[in-house]
1. Whether any residue in the stretch 76-89 is assigned to a loop (DSSP other than H, G, I, E, B), modelled with pLDDT of 70 or more, open to solvent by 50 Å² or more (accessible area, probe 1.4 Å) and more than 15 Å from Ile133 (Cβ to Cβ) is what I want to check.
2. Taking Ile138, is it open to solvent by 40 Å² or more (accessible area, probe 1.4 Å), hydrophobic (A, V, I, L, M, F, W, C) and either touching a strand residue (DSSP E or B) at 6+ places or on another chain (Cβ under 7 Å) or more than 16 Å from Asn275 (Cα to Cα) (or both)?
3. Collect the residues in the stretch 295-316 that are closer than 28 Å to Leu279 by Cβ and of a type in the set (Val, Ile, Thr), keeping them in residue-number order.
4. Given the conditions (1) at pLDDT 95 or above; (2) more than 21 Å from the chain's Cα centre (by Cα), which single one is not true for Ala143?
5. Within the stretch 96-132, track down each residue that is open to solvent by 20 Å² or more (accessible area, probe 1.4 Å) and assigned to a helix (DSSP H, G or I).
6. Which condition breaks for Ile280 when tested against (1) farther than 20 Å from Ala216 by Cβ; (2) surrounded by 10 or more Cβ atoms within 10 Å (Cβ to Cβ)?
7. Quick one: is Tyr191 closer than 17 Å to Asp110 by Cα and touching a residue at least 40 places away in the same chain (Cβ under 8 Å)?
Amino acid sequence: GVTSNGYSFDSGADKIQTYEDVSDNTAAYYNIASRKFTFVPSRGFDGWNIYRTTRSYHDEYKQNGIFDGVLPNQLALNDFQAWELAINTFANPDEITINLFATPGINWKDQTELVKNTIEMIETQRTDSLYIIDSPDIDVAMAVGDNGRADIIASEELIDYLKNTDIDTSYACTHFPWIQIKDTQNNINVYVPPTGELTKAFAYTDNKAFPWFATAGLERGALSAKKSKYKLSTPAKDILYAGRINPIIDYPETGTAVMGQKTLQIKASKLDRINVRRLILRLKVILSNIAIRLLFDPNDIALIDRFKEKANPALD
């Protein structure tokens, strides 16, 4: 209990909304001295409403109502803007050095606008990172006559969703299906997007080989998962890969692994492969670090020779 000027009352939560809440002598706030300790939370520190049953990081938001006030450092009012604010903290490559970017929890179907904003940041501001995007979860209700083709139905549905987004970039990739992992806190198995495991696989590739090696296959594409949500058949794998989505496959003896390395670029070219895009990104970083040391020197043959002297060994 809390004591003030001889009055004692139990700490906790109580309502103080109308006159009746304080006029009743059995109410917690009947004694006026107790009201000085009242704290009325409003929207919480991050704008989260505890009575909301779902999150709201979809694409619906008010363009002119982004912040509490006018200062850019004030907290965002909803999930969409909180995500956007967080994502934009990575926009300056001179401030933060990365070569992979991920936003676990948002996907290209349900948060298309936010994902497109992120792709634009990666393409035009960072220009040094690959964006790994969550694919949406797909639940297929099997009908009579489907003959167990849930994987094909889910794959076709997913490809249609991706086409509707108009996403076309070599700076991003996505994978399907979701994978099952153990929730150790609640002691249950849950399905989650594979993004977290994929970032580990890319990091493994960078450490054991090089960024221009494919993060796929049973060695560099292995994922720590109990299983994937769908056992993809060959037709389902072909549908996904033709539609720019990298399939995740279960193998009885070796586990779960990525079996694809396509970017989200529509046009067929070398850049529709992840390892080629990451090679180009790596070259950009190497050559930029060399070139920046030569800024403001006279632009003559001596400068060109100095650049070649430093660049050629790195490229070799």
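The values are calculated or read from the model by the stated rules, or taken from the named source; none is laboratory data. Since the structure is predicted, the reported quantities are computational estimates derived from the model, not experimental observations. Cβ sites come from the backbone with ideal geometry, for glycine too, and all protein chains shown count toward neighbours. Surface accessibility is based on the protein's heavy atoms, side chains included, excluding ligands, DNA and RNA. Shrake-Rupley method; radii C 1.70, N 1.55, O 1.52, S 1.80 Å.
1. Yes, there is a match, as at least one residue in the stretch 76-89 is assigned to a loop (DSSP other than H, G, I, E, B), modelled with pLDDT of 70 or more, open to solvent by 50 Å² or more (accessible area, probe 1.4 Å) and more than 15 Å from Ile133 (Cβ to Cβ).
2. For Ile138, the condition - open to solvent by 40 Å² or more (accessible area, probe 1.4 Å), hydrophobic (A, V, I, L, M, F, W, C) and either touching a strand residue (DSSP E or B) at 6+ places or on another chain (Cβ under 7 Å) or more than 16 Å from Asn275 (Cα to Cα) (or both) - is not met.
3. Selection gives Ile304 alone.
4. (1)
5. Within the stretch 96-132, Thr112, Glu113, Lys116, Asn117, Glu120, Glu123, Thr124, Gln125 meet the criteria.
6. With (1) farther than 20 Å from Ala216 by Cβ; (2) surrounded by 10 or more Cβ atoms within 10 Å (Cβ to Cβ) applied to Ile280, the lone miss is (1).
7. In short, no.
Here's the yes/no breakdown for (1) more than 21 Å from the chain's Cα centre (by Cα); (2) surrounded by fewer than 16 Cβ atoms within 10 Å (Cβ to Cβ); (3) modelled with pLDDT under 95; (4) not in a strand (DSSP E or B):
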{"position": "Ala236", "(1), (2), (3), (4)": "yes, no, no, yes"}
{"position": "Ile239", "(1), (2), (3), (4)": "yes, no, no, yes"}
{"position": "Ile248", "(1), (2), (3), (4)": "no, no, no, no"}
{"position": "Glu253", "(1), (2), (3), (4)": "yes, yes, yes, yes"}
